[in-house]
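The values are calculated or read from the model by the stated rules, or taken from the named source; none is laboratory data. Note that the coordinates shown come from a computational prediction; the quantities given were computed from them, not determined experimentally. Here the Cβ is made from the backbone with ideal geometry for all residues, glycine too, and neighbour counts use every protein chain on show. When the accessible area is computed, the model is the full protein with side chains, heavy atoms only, and any ligands, DNA or RNA have been set aside. Shrake-Rupley method; radii C 1.70, N 1.55, O 1.52, S 1.80 Å.
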Amino acid sequence: MADIRLLMEAVVDPQVDVIWDSVGADITVDGTEEIQPTTEEEWTIVRNSALTLAESGNLLMMAPRAVDGDDWMKAAQALVDTGMLAVRAAEAKNADQLFNAGGIIYSACKNCHQKYWADAPQRF
């Protein structure tokens, strides 16, 4: 069974990177190139990563990973909820919604990390 650190490194981080890297813009001297999934396969990859991210929140709520029954559970549930936002955006093939979901995911991660990750070497 993966501890929190390994779950973050092996599952959460790679999946959220897929979401964050899937939409945006690349600005060069030649102009701006919009980045977003364009094929069914690309949308499926993003959807699968978002679903894995959401399910990771459930894994964080399980013993022995659950640090406490209050803020930890709320933060883990936020990962579930925001991951599902990205799932719905990918299923709708809506790049704007996916971009917005990525920002909400970032906020959920930041809020949790501010409380729990700062002393992670001692805790996990």
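Here are the numbers for the structure shown:
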read-out: Rounded to whole Hz, the Karplus (6.51, -1.76, 1.60) HN-Hα couplings of the range 54-70, x for glycine and proline; value: 4, 5, 4, x, 4, 5, 6, 8, 8, 5, x, 6, 4, 6, 8, x, 10
read-out: Protection proxy ranking of 62-73, 96-107 - average other beta-carbon atoms within 10 Å, highest first; value: 96-107, 62-73
read-out: Fraction of alpha-carbon pairs over 19 Å apart in the chain - percent; value: 47 percent
read-out: Full-extension gain in nm, Ala10 to Glu41, via 0.36 nm per residue minus C-alpha separation; value: 8.9 nm
read-out: 5 angstrom amide H check on Ile35, placed H, neighbours 5+ away; value: Gly24, Ala25, Asp26
read-out: Accessible area per residue, Å², the chain with all protein chains present, probe 1.4 Å; value: 58 Å²
read-out: Gain on full stretching of the segment that runs from Met61 to Asn94 - 0.36 nm per residue minus C-alpha separation; value: 8.9 nm
read-out: Sequence ranges 1-14, 26-39, ranked by mean other-Cβ count within 10 angstrom, highest first; value: 1-14, 26-39
read-out: Accessible surface of the range 1-93, 1.4 Å probe, proportion on carbon and sulfur as whole %; value: 54 percent
read-out: FRET efficiency estimate (nearest 0.05) - Cβ-Cβ, Asp30 to Ala118, R0 35 angstrom; value: 0.25
